[in-house]
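Asks: There's a structure below that I have some questions on.
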Amino acid sequence: MTLTASIVVVGANDPGRLRDTLSSLETLATPPVETLVIDASTGSECARLTAEEFPRVAVVNQPRLGTASSPLWLGCSRSTADVVVFLEAGSVVQESSWLDELLAPYADTRVSGVGGRVVPQTREDREQDTPGIGMFLPNGAFTKNFSEDPGRLIEVDHLPASNMSFRRGILSALLNASEPNHGTLDNDAVAACLAVRRTGGALVFQPSASVHYDPTHGDNRGQRLVDQRTVYRRRRDHLALLVRSFGWRNPVVLNYIRTTTRDQGTYLWLTASHMRSHKLTGERRSLATRLRALWMLTGIPAELIGLPAGAVKAASSTRRIGGASPDGEGHRELRARSVVLSEITVNDEQKWQALCKVALEPNPFLDPRFLMSAARCLPTTTDIRLVIVEDGDQWLAVMPLSVVGRFAGMPLRYASTAGEFLGKRASLCTPLIDAQKPDVAASALLRHLASRRSRLPGLIEITLLPDDGPVAVALRRAGIALRIPVQERSRFARAYTDFSSGVTSPDHFSTKRKKQFDRKRRGLERELGAPIEFISHESSASALTSLLILEAAGWKGSRGGILNKKGPEKEWFLTYMDQFIQDGDCRIFELRSGETTAYMSLSLISGNTAFGTIDAYNEDFRRLSPGMIGRVLEQQALGTDPLVKAFDPCTHPKYADATALYPDSREMVSLLLGTRFTGRIALRARPFLRALLRRNDEQDSRADHE
Amino acid sequence: MRITAYVLVADPNYLRESLLSYYDHVDRIVLSYDENATSWTGTPIPVAECLAVIDDLDVDGKCERMPGHFARLEHHPLENETYQRQLALDEAGKDADWVLQLDTDEVMLDPPQFFRSLERAEATGASAMDYPSRWLYTQVSAGRYLEASTRFWGLAASYPGALAVRKATQLRLCRQTDAALYRVDMRPWNTDPAHSHETVVHEVIPAESAVLHYSWVRDHDTIRKKFGWSGHAEDYTQPVNYLRWAHRQRHPIRTILTNPLRRRDWYRLVSVDEPTGGTR
């Protein structure tokens, strides 16, 4: 298959250089599909030149700030061909076969990017670099040497920004997943190349696709004089690039810091040699010349200050491009973002719904049908920010967070999965995590929460989380890997029925209680005058109406049953229930005898688990405990449902009698995560401060006692 | 990638271990030796003994003998060495992409890693590969050796020359060449005290994967002979070299403790698995 190419000319700020480049492109044997010029000039000369002399070339203005200010991002987003080729203004193509040579290596599907030689106009301009072409060294440095001709196609770690190309699909995915703006075009190119390499793509250097480049023409690029500001910026940007590409804990970051520190000896040696009274040739140095040599020493602070400045720069925009997951599962390009519910699009809802189906642990209260209906009806959801981890078009994790105040003993604000809305309406706050990639997703989730881009506090509470569930395990594991302290704030045991255990209510009842259950059941049958039936209505809208009427008639109705609620709340409930009913994701049961209903219940189905949502009983038969009988029969009915493996009645343990109806229980925990500096410090100090306060209280009470 | 090797047949010590460490990974091994069993300095060398060892281990018939006249006494021994190596390299490179040039007392500790590095060197367009050797000075007891180190007992690599070169490479002196080097080291920075700290490192490998060079690990009689037939015979035959060697072998602790006081010749005590061969 023949690949098409778009050529993007970047760094156009000098009409003369731009004309040279565009003129040379007109000689190509195979013309590109399109040619774009990224206009970086402040005036309109480049645009005018292009319009007058090269009418088929499109001009794109380069913004000064933001993601779109990256020429790579601009070029990739505006081009349409299979391969996007970047040429720097001032590069002059010498051979008409240049584009064909550049595209030839793409025949190998492993190849994601190809670069060509960049030959300076004069021999003096050739780089005096360390050996190796386009290599990334273990000490964090890069070699260039793109003017050299190895005589054959070779693999490289990065490509020359003046003459490089990528498969557009791959580059587009990488730039969408990462912050493309690294300060300079060279750094942007290196970051993109490193990201490509980490995804397993190959980058190759094609020496026969060469361009000539005049580094001194028009601007000060290639200037030999290197001042302290330049070396400072170089160190700063380099360290920031490494951190943003590999993460703080990658050994290469430390290696680079150590290398920089070791290299400072060169300044000392140079200064000492220039302060000698005589040159090697025997010529005498004047005192002024010798004293001027001391100026060289100012390079040391310039370089060393560049390191912390680079760390600050990286920290301010830490967004690792991929990176290793805690379980060492390859390197994936994941994107994480936080959005308010109102910004979720219809397309997003579909991806969210798809995630619900493959979630590691089901949670109907984080289902878009539940939450988005609430977002459309209730104002209490406006504080919810949805933290999303995406892998291309697929959602890997979703966690809702609301910023709430401070809790006792904690001076920091925190964000909780149980905000104003979910705290009242959700019985479970387990984040949704893709079952196929739990560790990668959990890691990306926490990494995003640790970055300022999340716009969330540095202290996070994940509450109502099953402690022994795989989500808690994945979160704890990711916390360990990312050195995010995870502390338990509270825990309680909640009723649960695991149908795989083989024990179903009332098998676990004591003999006395079992007798009581049988007695009440017989009593109910006597009272109703007919044998009782337990009917499953599956997902029936009319059955739901009957349930709501039954609820409204009882004590639950007087305390805020659905039918007695205000308009928006009722609308929300009916809206989301309508969707669950349409999808067949709920079960409505009825305990009745003849025409008399004694009990009804509603459970939502998510994954392979049923979640109790509402139940109500006929208060005329309160004496015979229809609620207890109904809940026992409800478990038996769900146990025979082939789609249901477990039942979470969502019953708070304070309802001891109700809790005792279920054979199993599971521990629910509330975890605190110190995702950022202040949160980490606060969490680490918390146990000591609590112990201190406790000791102080004990001493006070002892003193009072005495 | 087709890989061959050449060896200069002169010293039977560690010959078996050296050849066996890469025998399975190469297609052909060229055996270069002086037809008169004479060294570059004119002293006799045990060629027949070496060839007997090689015949014993060459089960696949990969070894090819290439005798020649290399004891050209009118030339400097190092020139003779370079001459012999170049002829052997040209012969071995006839049907290969890369040629290994290990001495017979150099043993690959981790051959898979060596050949992985070689593949990387090939991919990056290099023409020669510098691979770190750990230079053993003497054996002080069973499995205990004095190894060349930095002044403060740090890990030190030694690079006698490229251990693998592309075919048709021109050697400058002995195994050294001006071809584009791919340099492997045991740290992200150069660990060879003989090279500048700015020397670039392209790949880092663990110390356990380096090549072990049993350079001066011989018994007293053999080391004296080796000094005589070596390309560096002019320096090595100075009595002080042997006396120092013998003294340091007797007093290894004193030798390593006095490292900081010496301007060169720094050692550390290491344990190395005893090779199956050797002379002790």
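The values are calculated or read from the model by the stated rules, or taken from the named source; none is laboratory data. The structure displayed is predicted, hence computed values, not measured ones. Don't worry about glycine lacking a Cβ; one is built from the backbone with ideal geometry, like all the others, and counts go over all protein chains shown.
Asks: Restricting attention to region A:475-494, does a residue exist that is of a type in the set (Gly, Ala, Ser), at pLDDT 85 or above and surrounded by 16 or more Cβ atoms within 10 Å (Cβ to Cβ)? I'd like the intermediate steps shown before the answer.
Replies: Our first condition is that a residue be of a type in the set (Gly, Ala, Ser); within region A:475-494, this holds for A:478-479, A:481, A:490, A:493.
Now restrict to residues that are at pLDDT 85 or above: A:490, A:493.
Narrowing further to those that are surrounded by 16 or more Cβ atoms within 10 Å (Cβ to Cβ): none.
Checked region A:475-494: no residue is of a type in the set (Gly, Ala, Ser), at pLDDT 85 or above and surrounded by 16 or more Cβ atoms within 10 Å (Cβ to Cβ).
Asks: Name the single residue that is surrounded by the most Cβ atoms within 10 Å (Cβ to Cβ) among those in region B:185-201 being closer than 18 Å to residue A:142 by Cβ and more than 7 Å from chain A (Cβ to nearest Cβ).
Replies: B:185
Asks: Mind listing whichever residues of region A:449-463 are crowded, with 24+ Cβ neighbours inside 10 Å and either farther than 20 Å from residue A:411 by Cβ or free of Cβ contacts under 8 Å to residues at least 12 places away in the same chain (or both)?
Replies: Hit for region A:449-463 is A:462, nothing else.
Asks: Quick one: is residue A:621 in contact with a helix residue (DSSP H, G or I) (Cβ under 7 Å, 6 or more places away or on another chain), in contact (Cβ under 8 Å) with a residue 24 or more places away in the chain and either among the basic types (Lys, Arg) or within 29 Å of residue A:478 (Cβ to Cβ) (or both)? I'd like the intermediate steps shown before the answer.
Replies: Details: in contact with a helix residue (DSSP H, G or I) (Cβ under 7 Å, 6 or more places away or on another chain): yes; in contact (Cβ under 8 Å) with a residue 24 or more places away in the chain: yes; either among the basic types (Lys, Arg) or within 29 Å of residue A:478 (Cβ to Cβ) (or both): no.
Spelling it out, it is not the case that residue A:621 is in contact with a helix residue (DSSP H, G or I) (Cβ under 7 Å, 6 or more places away or on another chain), in contact (Cβ under 8 Å) with a residue 24 or more places away in the chain and either among the basic types (Lys, Arg) or within 29 Å of residue A:478 (Cβ to Cβ) (or both).
Asks: When only residues in region A:292-340 that are modelled with pLDDT under 50 and of a type in the set (A, V, I, L, M, F, W, C) count, which is farthest from the chain's Cα centre (by Cα)?
Replies: In this case the residue turns out to be A:324.
Asks: Let me ask you something else. State the number of residues belonging to region B:101-127 that are touching a helix residue (DSSP H, G or I) at 6+ places or on another chain (Cβ under 8 Å) and either within 14 Å of chain A (Cβ to nearest Cβ) or buried (at least 20 other Cβ atoms within 10 Å of the Cβ) (or both).
Replies: Applying the first criterion (touching a helix residue (DSSP H, G or I) at 6+ places or on another chain (Cβ under 8 Å)) to region B:101-127 yields B:101-111, B:113-115.
Retained after the next criterion (residues that are either within 14 Å of chain A (Cβ to nearest Cβ) or buried (at least 20 other Cβ atoms within 10 Å of the Cβ) (or both)): B:101-108, B:114.
Final tally of qualifying residues: 9.
Asks: Looking only at region A:152-168, filter to residues that are within 8 Å of chain B (Cβ to nearest Cβ) and not β-branched (Val, Ile, Thr); which one of those is surrounded by the fewest Cβ atoms within 10 Å (Cβ to Cβ)?
Replies: That would be A:152.
Asks: Criterion first (among the charged types (D, E, K, R) and farther than 29 Å from residue A:687 by Cβ) does residue A:369 satisfy it? Break it down into steps so the answer makes sense when it comes.
Replies: Numbers: among the charged types (D, E, K, R): yes; farther than 29 Å from residue A:687 by Cβ: yes.
Taking the combined requirement at face value, the residue satisfies it.
Asks: Test residue A:572 against the stated conditions and say whether it is surrounded by 16 or more Cβ atoms within 10 Å (Cβ to Cβ) and aromatic (Phe, Trp, Tyr). Step through it out loud before you land on a result.
Replies: Numbers: surrounded by 16 or more Cβ atoms within 10 Å (Cβ to Cβ): yes; aromatic (Phe, Trp, Tyr): yes.
Spelling it out, residue A:572 is indeed surrounded by 16 or more Cβ atoms within 10 Å (Cβ to Cβ) and aromatic (Phe, Trp, Tyr).
Asks: Take residue A:678 and tell me if it is out of contact with any helix residue (DSSP H, G or I) (no Cβ under 6 Å at 6 or more places or on another chain), farther than 29 Å from residue A:468 by Cβ and surrounded by fewer than 17 Cβ atoms within 10 Å (Cβ to Cβ). Steps first, answer last, please.
Replies: Numbers: out of contact with any helix residue (DSSP H, G or I) (no Cβ under 6 Å at 6 or more places or on another chain): yes; farther than 29 Å from residue A:468 by Cβ: yes; surrounded by fewer than 17 Cβ atoms within 10 Å (Cβ to Cβ): yes.
Yes.
Asks: To continue, here is another question. Test of understanding: among A:79, A:96, A:112, which residue is of a type in the set (S, T, N, Q) and under 20 Å from residue A:20 (Cβ atoms)? Steps first, answer last, please.
Replies: On the way: A:79 fails: under 20 Å from residue A:20 (Cβ atoms); A:112 fails: under 20 Å from residue A:20 (Cβ atoms).
Being of a type in the set (S, T, N, Q) and under 20 Å from residue A:20 (Cβ atoms) holds for just one of A:79, A:96, A:112, which is A:96.
Asks: Something else now. Residue B:151: touching a residue at least 40 places away in the same chain (Cβ under 8 Å), charged (D, E, K, R) and crowded, with 18+ Cβ neighbours inside 10 Å, yes or no?
Replies: The answer is no for residue B:151.
Asks: Checking residue A:130 against (1) at pLDDT below 90; (2) under 22 Å from residue B:121 (Cβ atoms); (3) touching a Cys at 6+ places or on another chain (Cβ under 8 Å), only one condition comes out false. Which one?
Replies: (3)
Asks: Another question, if that's okay. If you go through region A:185-203, how many residues are surrounded by fewer than 23 Cβ atoms within 10 Å (Cβ to Cβ) and part of a strand (DSSP E or B)?
Replies: 1
Asks: Read through the list (1) surrounded by 22 or more Cβ atoms within 10 Å (Cβ to Cβ); (2) at pLDDT below 90, then give the number of the only condition that residue A:256 fails.
Replies: Only one criterion is unmet by residue A:256, namely (2).
Asks: Scan region B:158-184 residue by residue and report those that are of a type in the set (Gly, Ala, Ser) and either within 16 Å of residue B:98 (Cα to Cα) or within 14 Å of chain A (Cβ to nearest Cβ) (or both).
Replies: In the first step, residues of region B:158-184 are kept if they are of a type in the set (Gly, Ala, Ser); the result is B:158, B:161-162, B:164, B:168, B:179-180.
Matches in region B:158-184: B:161, B:162, B:164, B:168, B:179, B:180.
Asks: Are there any helices (runs of 4 or more DSSP H) wholly within region A:39-115 with 2 or more residues that are at pLDDT below 90 and buried (at least 22 other Cβ atoms within 10 Å of the Cβ), and if so which? Talk me through it step by step, then tell me what you get.
Replies: Values: elements: A:45-53, A:71-78, A:98-103.
Ranges flagged: A:45-53, A:71-78.
Asks: Could you tell me which of the residues A:78, A:19 is among the basic types (Lys, Arg) and free of Cβ contacts under 8 Å to residues at least 40 places away in the same chain?
Replies: On the way: A:78 fails: free of Cβ contacts under 8 Å to residues at least 40 places away in the same chain.
Just a single option satisfies the conditions, and that option is A:19.
Asks: Kindly indicate the residue of region A:139-151 that is more than 9 Å from chain B (Cβ to nearest Cβ) and out of contact with any strand residue (DSSP E or B) (no Cβ under 7 Å at 6 or more places or on another chain) and also nearest to residue A:263 (Cα to Cα) among those meeting that condition.
Replies: The initial filter retains those residues of region A:139-151 that are more than 9 Å from chain B (Cβ to nearest Cβ), namely A:142, A:144-147, A:149.
Applying the additional criterion that residues be out of contact with any strand residue (DSSP E or B) (no Cβ under 7 Å at 6 or more places or on another chain) yields A:144-145.
Numbers: A:144: 19, A:145: 21 Å.
Within region A:139-151, the match that is nearest to residue A:263 (Cα to Cα) is A:144.
Asks: Are any residues in region A:376-403 buried (at least 22 other Cβ atoms within 10 Å of the Cβ) and assigned to a helix (DSSP H, G or I), and if so, which ones?
Replies: A:381
Asks: OK, next. Against the definition (over 23 Å from residue A:517 (Cα atoms) and surrounded by 15 or more Cβ atoms within 10 Å (Cβ to Cβ)), how does residue A:564 come out, yes or no?
Replies: Working: over 23 Å from residue A:517 (Cα atoms): yes; surrounded by 15 or more Cβ atoms within 10 Å (Cβ to Cβ): yes.
Judged against the criteria, residue A:564 is a match.
Asks: Hey, residue B:54 hits all of (1) out of contact with any strand residue (DSSP E or B) (no Cβ under 6 Å at 6 or more places or on another chain); (2) part of a helix (DSSP H, G or I) but one; which does it fall short on?
Replies: Only one criterion is unmet by residue B:54, namely (1).
Asks: Given the conditions (1) within 18 Å of residue B:217 (Cα to Cα); (2) buried (at least 20 other Cβ atoms within 10 Å of the Cβ), report the number of the one that residue B:144 does not fulfil.
Replies: (2)
Asks: Considering region A:261-279 alone, what residues qualify as being more than 12 Å from chain B (Cβ to nearest Cβ) and in contact (Cβ under 8 Å) with a residue 24 or more places away in the chain? Walk me through it before giving the result.
Replies: Looking only at region A:261-279, we keep the residues that are more than 12 Å from chain B (Cβ to nearest Cβ), and these are A:267-268, A:270-279.
Across region A:261-279, the qualifying residues are A:267, A:268, A:270, A:271.
Asks: While we're on this one: Can you find a residue in region B:74-94 that is buried (at least 24 other Cβ atoms within 10 Å of the Cβ) and under 14 Å from the mean Cα position of the chain (by Cα)?
Replies: no
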